[in-house]
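Reading through the structure tokens given below for one structure.
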Amino acid sequence: MSEHAVVAKTTEQTAEQRGVLVKLLIFAISLAVVPISSYFLSKSLWDGNNVYAAITAIVAANAVLVAYIIASILEENAAAPKPAAEMKKTQWLQSSYTLVLPFVTPPFGFHNNFGVNVEF
């Protein structure tokens, strides 16, 4: 591998790691700020009830965590390219045919009066 290719690959990995670090920092700051601010802002909404304000802060913290998990999963799925063989397999499954077989009951017990739809 040439020196230029190694440098380009290293630069690409560094940029990718920088993006992951920035996202982590944004969500870490959000995890600190959002629950505390929602606690004090919702305290006036709940007429000074600390229990309801704390529950609001807990829900806000969980919302930030769920948002981080979803963002991480979406980033991971976008970064991973599909192999060509898997793409052909999914294309074949999407273009499969439906065959209606009358008087056939599947092992799970689903049955209708017209038969069972079997995909192959």
Assuming LEU45 fulfils every condition listed in (1) open to solvent by 80 Å² or more (accessible area, probe 1.4 Å); (2) aliphatic (A, V, I, L, M); (3) at pLDDT 95 or above apart from one, which condition is it? (3)
Considering THR90, THR14, which residue is at pLDDT below 90, in a helix (DSSP H, G or I), under 21 Å from the mean Cα position of the chain (by Cα) and not aliphatic (A, V, I, L, M)? THR90
Confirm whether VAL22 is modelled with pLDDT of 65 or more and part of a helix (DSSP H, G or I). yes
Given the conditions (1) modelled with pLDDT of 70 or more; (2) over 19 Å from the mean Cα position of the chain (by Cα), and given that ALA5 satisfies all but one, which numbered condition is not satisfied? (1)
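Kindly check whether there is at least one residue in segment 63-77 that is part of a loop (DSSP other than H, G, I, E, B), modelled with pLDDT under 95 and not polar (S, T, N, Q).
Of all residues in segment 63-77, those part of a loop (DSSP other than H, G, I, E, B) come to none.
Taking every residue of segment 63-77 in turn, none turns out to be part of a loop (DSSP other than H, G, I, E, B), modelled with pLDDT under 95 and not polar (S, T, N, Q).
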Pull up segment 48-78, narrow it to residues that are among the hydroxyl-bearing types (Ser, Thr, Tyr) and closer than 18 Å to LEU25 by Cα, then point me to the one that is surrounded by the fewest Cβ atoms within 10 Å (Cβ to Cβ). SER72
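The values are calculated or read from the model by the stated rules, or taken from the named source; none is laboratory data. These figures come from a predicted structure and were not determined experimentally. Counting neighbours? That spans all protein chains shown, and the Cβs are built from the backbone with ideal geometry, glycine included. What goes into the accessible areas is simple: the full protein's heavy atoms, side chains included, and nothing from ligands, DNA or RNA. Shrake-Rupley method; radii C 1.70, N 1.55, O 1.52, S 1.80 Å.
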